[in-house]
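Enquirer: Dropping the structure in here first, questions after.
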């Protein structure tokens, strides 16, 4: 399953992030609130129920509220693409099944629905370019194939 996407966008760039967008001493070069807000709004406009974005030490989390398990997007700037305009978004969980209590839950349909909307949003926005998708394993191993 493709669950990680990197891309470039000047409209989301924030070389000097606002105090409520940056992560201070722990991660001073990490931001992404504008991206999280943009994706939250876009997902909602395509019928995906989301919660409000939440700051994390690695970036911003956008909860997906209409899944039967904990599902969210992780959003942050990504210097490997571009120091000022590169971004990474990932879907969690990134596995086809999860275990909750004594039950196995198939995540594929819910993840595919969110990834489908996310892909549509990124591809159709003329201010977003170099959209490249990866599986979690490709991303983690560095064997990224477009």
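Enquirer: Tell me the label-point distance for the pair residue 100, residue 130, using the 7 Å Cα-to-Cβ offset, in nm and rounded to one decimal.
Expert: Placing both labels 7 Å beyond Cα along the Cβ direction yields 3.8 nm.
Enquirer: Taking the chain as a Gaussian network, Cα atoms linked when under 10 Å apart, which of 40, 100, 113 shows the biggest mean-square fluctuation?
Expert: 100
Enquirer: Under a plain spin-label model, where a point goes 7 Å from the Cα along Cα-to-Cβ, how far apart in nm are residue 44 and residue 120?
Expert: It is 1.8 nm.
Enquirer: Now for a different question. Residue 109 to residue 66: extension gain in nm, 0.36 nm per residue of separation minus the Cα-Cα distance?
Expert: 14.3 nm is the gain from fully extending residue 109 to residue 66.
Enquirer: What three numbers, in Å, describe the spread of the alpha carbons of segment 2-141 along their principal axes, ordered from the longest?
Expert: Between the extreme Cα coordinates on each principal axis of segment 2-141 lie 46, 34, 32 Å.
Laboratory data are not the source of any read-out in this text; all were calculated from the coordinates shown. The shown structure was predicted, so the numbers you read here are calculated from the model rather than taken from an experiment. Heads up, the Cβs are rebuilt from the backbone with ideal geometry, glycines too, and the neighbour counts pull from every protein chain shown.
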